[in-house]
Amino acid sequence: MDPAPNRSARLARYLVRSAWAPLRWQRPALLGALVLATTLGAAWSVNLRHQAVGQRLGWANTLDYLYAPFLYLVPQTNFAFAASLNLPEALARVTGPLIPLLGLFWLARRQLLITAADVLIDHSASGHAVILANQGHGDALALASAEAGEVIVLADPGVMDEEDRLAVLGTAGVMCRSALPKSLAQVGTLALWQASDADNIASATSVRSGRDIGPSDIHLSVRGLELHRALLQAPDLMLDKAVRLRPHSLAGSAMRAAITGPDFLETAVERGQSRVTLCLWGNSDALQWAAELALRQFWSVRLSAPRVVWANMAADAPLPEPLAHLADHAAQVFGQGTACPAIERLSADAACADQAITCHLVDAGDTDATVARSFSLAARLRQDHVRPAPVQAVLGAACAIAPLFTTDKLEFLPPIIPGAGVTLATLRNRKADEVAAEIHLAYDQQFGSGGTAPASGRWQDLPETYVAASRAAADHVAIKRWDAQTSGLAEDHLIERLAEAEHNRWSADRLLAGWSPAGAAARDNERRLHPDLRPWAMLGDAAKEKDREAVKHIDLRAI
């Protein structure tokens, strides 16, 4: 568990917020009161002097009244005559010098507070978060995390030269600097959010090997889907010296939040469909994430295997490698017919006419093009079908046009916005990882062979590919509970059917991770061959028992 920020870290955040806080009415009110008191005191003093010598107020001595307040803006030197001063003059002597002194203090106040915050961060703070970024790529994460209450230090080489960025970040309490702090030993969370995936990986390995760092995880942004997959298969790179690299894809996280769970299965059942069919319009990384998640997650005792349709894709266009790998082995692993997951290409007209589609996902790569295609598609579906399938758009991270999709005239689901609401807390995702870790622990205790099995051992030391597999199993728990509560199956029959669905889900997950059926041969981790990649009916009793036990460890009555 990550340590909470200590008092010094919280004080540093408060100092930065105070430094960049907008001008409040109290400051000009105090300055105005001092100016008024000095002006009245000086004018009153001049008037008393004129009365003492018998001069009356006139144009000749008006200049004396106008100039009098300026005489008291600096401290007076004739303190020996203080006892002879009249009350107005004594008041002006006190309030006058305070005007420039307060002005100088307010001018230097921001830098003084920021310097004090930097000293606290460098010498006594602990439990705070550090984000290494460049070109402004870490600003959204820093702002969202700071607004969620975290203590954030943003290290960005260009931020100190941009006053507007500093003001926005500082107002939220983000402490900005041009480089990483000298020491990372007391840091609670470290995230690398630079523009380049290669820079993030290089910085992560450099920090891990060259510094004493506090967190056991280094979170890094990996935007490329193929690189993300490759990292999951590189255990030596991902885990070294008890510090794990945690790759994150904003598109993948957004899709995971939108797709996992029983909502699409409920929609398919309500529409009288035999399986969940996801229709994809575009060829972005986000849609590839959606396709893989659908094939991993949409396994239920109430529905057949999931189906993914790519609309308007050329017949000779290659499928993404993991999907092509699954399609090549699907019949051998799942069997024939509707028990086998399907990946198809359809023309735009055929996709619009297909009544078996559960939802249309649209991502044209550009926000304007995505919005235009989404509305055009929704209008055509409304015209062609009595009950059209909903359309869900994938919009840019900073898009503010989501309310456009709340119309009642067309069928839309809330748009998916990668990066929206992402904070360091959501990246750590401790609650979801607890469920995944419990699933792994139950497996390890029963089938880990004393730590000799490939997927056995402590959760902290588990290769990232098996961590991802446990998270996928945890994501599917909600669907198993939905099955248990809505299928009407008796307990023994329910366990058996859920175990079969779990085996199919696991098989799809392994195929998408690059594993292949081993046939009659033994398991080969180097070549990623597994003998259990076969239809449920052909599976051995020992392998089936693993799936039954996995289901029995779930509280199916929980909501």
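None of the figures in this text is laboratory data; all of them are computed from the coordinates on show. Quick caveat, the model's predicted, so the values are computed rather than measured. With ideal geometry, Cβ positions are generated from the backbone for all residues, glycine too; neighbour counts draw on all protein chains shown.
Can you compute the FRET efficiency between Glu266 and Ala372 using 1/(1 + (r/R0)^6), with r the Cβ-Cβ distance and R0 = 25 Å? Round to the nearest 0.05.
According to the calculation, E is roughly 0.25.
Calculate, in nm to one decimal, what Ala257 and Arg56 gain on full extension: separation in residues at 0.36 nm each, minus their alpha carbon distance.
Between Ala257 and Arg56, full extension yields 64.1 nm more.
Of His123, His325, how do they rank once you tally other Cβ atoms within 10 Å and put the fewest first?
Sorted ascending by nearby Cβ count, the order is His123, His325.
Sorting check: for 467-478, 344-355, which peptide has the highest mean count of neighbouring beta carbons within 10 Å, and how do the rest follow?
Sorting 467-478, 344-355 by mean packing, highest first, produces 467-478, 344-355.
In percent, what relative contact order does the chain have, based on Cα pairs under 8 Å that are 6 or more apart in sequence?
11 percent
If R0 is 30 Å, what FRET efficiency do you get for Ile99 and Glu163 from their C-beta distance, rounded to 0.05?
For R0 = 30 Å, the calculated efficiency reads 0.70.
Hey, got the dipole for the chain? About the Cα centre, +1 on K and R Cβ, -1 on D and E Cβ, debye to the nearest 20?
Value, rounded to 20: 1740 debye.
Using the count of nearby Cβ atoms within 10 Å as a rough guide to exposure, how do Asp408, Asp199, Asp483 rank from fewest to most?
Fewest-to-most ranking of Asp408, Asp199, Asp483: Asp408, Asp199, Asp483.
Calculated from the structure, semi-axes √(5λ) of the Cα gyration tensor in Å equals which of [x] 65, 29, 19; [y] 46, 33, 22; [z] 38, 28, 24?
Only one option fits the structure, namely [x].
If I take R0 = 22 Å and measure r between the Cβ atoms of Ala108 and Ala179 in this structure, what FRET efficiency does the formula 1/(1 + (r/R0)^6) give, to the nearest 0.05?
0.35
Give the angle, between 0 and 90 degrees and rounded to the nearest 10, that separates the Cα long axis of helix 541-552 from the longest principal axis of the Cα atoms of the chain.
Result, in degrees: 40.
Could you work out the relative contact order of region 254-406, using alpha carbon pairs under 8 angstrom and six or more residues apart, expressed as a whole percent?
RCO, region 254-406: 25 percent.
Using modelled backbone amide H atoms (1.01 Å from N, in-plane), which distant-in-sequence or interchain residues come within less than 5 Å of Ala234's amide H?
Amide H neighbours of Ala234, under 5 Å, 5+ apart: none.
With n ≥ 4 as the cut-off for DSSP H runs, can you work out [θ] at 222 nm for the chain, using -39500 (n - 2.57) per run divided by the number of residues, rounded to the nearest 500?
Helix-only estimate at 222 nm: -15500 deg cm²/dmol.
Tell me, in nm to one decimal, what length is gained between Asp316 and Arg523 on full extension, where the rule is 0.36 nm per residue of separation less the Cα-Cα distance?
71.1 nm
Give the Debye-formula value of log10 I(q)/I(0) at each listed q (0.13, 0.19 Å⁻¹), with one equal scatterer per alpha carbon of region 228-291, two decimals each.
Log10 of I(q)/I(0), two decimals: -0.54, -0.84.
Of the options Leu66, Leu40, Leu98, report the single residue whose Cα projects farthest towards the positive end of the charge dipole of region 21-109 (beta-carbon charges: Lys, Arg +1; Asp, Glu -1).
The listed residue farthest towards the positive side: Leu98.
Can you tell me how much longer the chain between Ala331 and Leu441 gets when fully stretched, taken as 0.36 nm per residue apart minus their C-alpha distance, in nm with one decimal?
This chain segment gains 36.4 nm when fully extended.
Arranged by the count of other C-beta atoms within 10 angstrom, fewest first, what order do Ser516, Ser124 take?
Result, fewest neighbours first: Ser124, Ser516.
Please report the relative contact order for region 369-424, taking Cα pairs under 8 Å with a sequence separation of at least 6, and give it as a percent rounded to a whole number.
35 percent.
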